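Okay, here's the structure, questions in a sec.
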Amino acid sequence: METAFLTQGLLTARQYFIAGNENEKSLANRITSLWGTIEWSWYTQGTDSLYWHWSKNYGFKMNHRIKGFDETLITYILAASSPTFPIERSVYQNCYTNSSYYYNGKSYYGIKLDLGMEYGGPLFFTHYSFLGLNPNGLTDKNTNYFERNRAHVLIHRAYAIDNTKKHAGYGANCWGFTSSDDPIVGYTSHHPGTNDENGTVSPTAAVSSIVYTPNESMDVIRHFYFDKGKQLFGKYGFYDAYNPGLVEGQQVVRSYLAIDQGPIAVMIENYRSGLLWKLFMSNAEIRNGLKILEFNTNE
């Protein structure tokens with residue numbers, strides 16, 4: 001999975017540099033070479049599944065099958081797109097889509113969610129795979145991915161407005177739950193409908209969702225910056241987590257996590273210009289992989 005996130009970024013960078021000067025072209029060629037060495041098919045262990053967490057010390061001891069719907073979609077797309085070690089479409093069908101939390105089809109607060117766990121799960125599910133992969137116009141037989149992701153975000157917002165647990169601060173300008181640091185228990189996953197949702201809000205959740213809900217996300221950004229900026233905004237942007245129900249001085253985790261800061265920067269740029277989406281989707285291998293997995297695009 002971590003290899004997939006790295007590769008998504010590298011292929012995006014390759015397209016940016018590929019028509020540049022000699023040094024930039026050299027870098028793009030090095031990325032192409034590295035991309036070709038990743039043995040995606042090896043991670044099936046000869047089965048109809050992709051597996052996470054191999055190490056030289058423990059091998060595949062965890063035996064963790066990658067199945068969703070969650071942040072791991074990009075792994076299957078890259079694996080199907082590989083020019084050297086691709087997986088078969090059957091691996092995607094028999095593993096990723098064959099999960100108790102792939103199909104949903106229920107409505108929450110009147111908002112239908114086609115794919116995902118209860119309430120959609122943490123919001124990083126709508127971010128990590130889609131930093132380069134453009135959800136606009138991305139469809140398959142199960143969903144429209146932009147609309148699916150927008151629904152996920154709006155469900156989080158509606159949950160905060162409803163606020164059945166009476167957490168302090170929740171509302172239209174304070175919502176968004178995902179994995180982040182936590183002022184109570186340390187790093188953990190926050191999402192509606194679980195005990196982990198303890199009143200902590202993660203700025204990356206709403207801010208990185210700006211591509212799906214620009215107006216609603218801007219309400220949160222304005223509140224966090226103009227009303228709470230002295231608490232929540234530091235040298236490198238918003239701090240990682242905020243729990244307004246705690247006593248002052250304990251509400252904010254004053255840390256920056258790259259995996260949370262990164263989607264903020266990328267998704268703001270995708271909202272402004274679509275730059276990262278355009279670059280990643282311009283890879284011919286990716287377009288081929290999407291066809292193999294029977295996705296439709298506007299590209």
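If you fit an axis through the alpha-carbon atoms of helix 2-17 and take the longest principal axis of the Cα set of the chain, what angle between them do you get, 0 to 90°, nearest 10?
Its long axis makes an angle of about 70 degrees.
For a bin width of 5 Å, list the pair-distance distribution of the range 49-164 built from all Cα-Cα distances, rounded to whole %.
2, 11, 19, 22, 19, 12, 8, 5, 2, 1, 0
Continuing with this model, one more query. Report the calculated FRET efficiency for Y256 and N136 (r = Cβ-Cβ distance, R0 = 35 Å), to the nearest 0.05.
0.75
Between the DSSP loop rule and a limit of at most 10 other Cβ atoms within 10 Å, which chymotrypsin sites (Phe, Trp or Tyr not before Pro) in the range 98-145 are left?
none
Under a 10 Å cutoff between Cα atoms, tell me which one of G245, G46, G169 has the largest fluctuation in the Gaussian network model of the chain.
Maximum fluctuation in the GNM of the chain, among the listed residues, is at G46.
Same structure, new question: Compute the long axis of helix 258-272 from its Cα atoms, compare it with the longest principal axis of the Cα atoms of the chain, and write down the angle in degrees, 0 to 90, nearest 10.
On a 0 to 90 degree scale, this one is about 80.
Another question, then. How much space per residue, in cubic angstrom, does the convex hull of the C-alpha atoms of the range 27-99 take up?
100 Å³
Between L246 and S26, what length in nm is gained on full extension when 0.36 nm per residue of separation is reduced by their alpha carbon distance?
Length difference between fully extended and current span is 74.0 nm.
Another one. Mind checking the dipole of the chain: about its Cα centre, +1 per Lys or Arg Cβ, -1 per Asp or Glu Cβ, Debye to the nearest 20?
I would put it at about 160 debye.
Sticking with this one: If I stretch the segment between Y103 and L275 completely, what's the gain in nm (0.36 nm per residue apart, minus their alpha carbon distance), one decimal?
Extending this stretch completely gives an extra 58.8 nm.
Let me ask you something else. Per residue and in cubic angstrom, what volume does the convex hull of the Cα atoms of the chain have?
Hull volume normalised by residue count: 146 Å³.
Right, another one. Using only the Cα atoms of the range 120-278, each taken as one equal point scatterer with no solvent, compute I(q) by the Debye sum, divide by I(0), and report log10 of the ratio at q = 0.11, 0.16 Å⁻¹.
Per q value, in the given order, log10 I(q)/I(0) is -0.39, -0.83.
Report, in degrees rounded to the nearest 10, the 0 to 90 angle that the Cα long axis of helix 145-162 makes with the longest principal axis of the chain.
Result, in degrees: 20.
No lab work stands behind these numbers, since they all come straight from the coordinates. The shown structure was predicted, so the numbers you read here are calculated from the model rather than taken from an experiment. Reconstructed Cβ throughout: ideal geometry from the backbone, glycine too, with neighbour counts over all protein chains shown.
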